[in-house]
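Where a number appears in this text, it was derived from the coordinates with a stated rule and is not lab data. Note that the structure is predicted; figures quoted are calculated from it, not measured. Cβ: placed from backbone, ideal geometry, glycine included. Neighbour counts: every protein chain shown.
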Amino acid sequence: MLKFAFIFTYIFIVFFISIIYKSFNPDNKEALRKIIHIGIGPLIPYAKYLNIDQTSALYFTGIISLLVFVNYKSKLFTTIEDVERKSYGTLFYCLSLFILIFLYWDKDPAALFAGFFIMTFGDGLAGLIGKNFQSKSWIFLNQKKSLLGTLTMFITSLVVVFGLGYFQKYSFNNIGFLIIPLISTVLEQFSILGIDNFIVPISAAYCFNLFITSL
């Protein structure tokens, strides 16, 4: 129980920061959501550091997913879903994490980190930077995308896979280190209803396992 107390404390801190931000920037709803999106990023390595087992992690993530689904219906915590467009991104975020934990928690933690970090940091920073800085943009599946946001997604994904490769002491003589950021960046374009929060981390983790850790 003490381990989960630490996890809940971390989540509380992230939400507290988001609430403080909202008090100063009430109109920037997308940025508020991205703060939570990015802030949850270190949660998985933190949980691994605490030696939380896979079953407990699955139960915890399942309960969070259920609470997020209930929130969609009840709107108890508008901070989570208070965005300017219809999106199920937070629910997809939780479901993808549940699947990643189920597939890779013990089998391949590096692949789990790759998928989760690319989603939290890559997609999160792409949304923040793309929306707050002007650059060439286009419409794809009724969603506005920008050159700067897309470049941010690619560069962040590149940093994630090369960072994991460095810490895991993998050989960089592998085209997979370029393929994974490229695939993740292309899939991030498919953001209608927030589906990118599902397809990006699952695909990135699968490709990391396939191209890098399974070799």
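At a Förster distance of 45 Å, what's the computed FRET efficiency of Ala31 paired with Leu58, Cβ-Cβ distance as r, to 0.05? After rounding to 0.05, the efficiency reads 0.90.
Placing pseudo-labels 7 Å out from each Cα toward the beta carbon at Phe24 and Ser171 gives an inter-label distance of 4.9 nm.
Just so you know, the Rg over Rh for the chain is 0.96, from Cα atoms, with Rh as the Kirkwood radius.
Calculate, in nm to one decimal, what Lys48 and Val70 gain on full extension: separation in residues at 0.36 nm each, minus their alpha carbon distance. Here the segment from Lys48 to Val70 would lengthen by 5.2 nm.
When Ser18, Ser214, Ser96, Ser184 are arranged by Cβ crowding within 10 Å, least crowded first, meaning fewest neighbours, the order is Ser214, Ser18, Ser96, Ser184. Look at Ile44, Ile129, Ile139 and count the other Cβ atoms within 10 Å of each Cβ; fewest to most, that gives Ile139, Ile129, Ile44.
Return the single residue from Ile63, Ile155, Ile36 with maximal mean-square fluctuation; model: Gaussian network over the chain, springs between Cα atoms under 10 Å. Answer for the Gaussian network model of the chain: Ile63.
Where is the GNM fluctuation largest for the chain (alpha-carbon springs, 10 angstrom cutoff): Ser65, Ser56, Ser203? Maximum among the listed residues: Ser56. Shown for Phe12, Phe113, Phe177: other C-beta atoms within 10 Å of each C-beta, ranked fewest to most, produce the order Phe12, Phe177, Phe113. Calculate the FRET efficiency for Ile11 and Trp138 from the Cβ-Cβ distance with a Förster distance of 45 Å, rounded to the nearest 0.05. It comes out at approximately 0.80.
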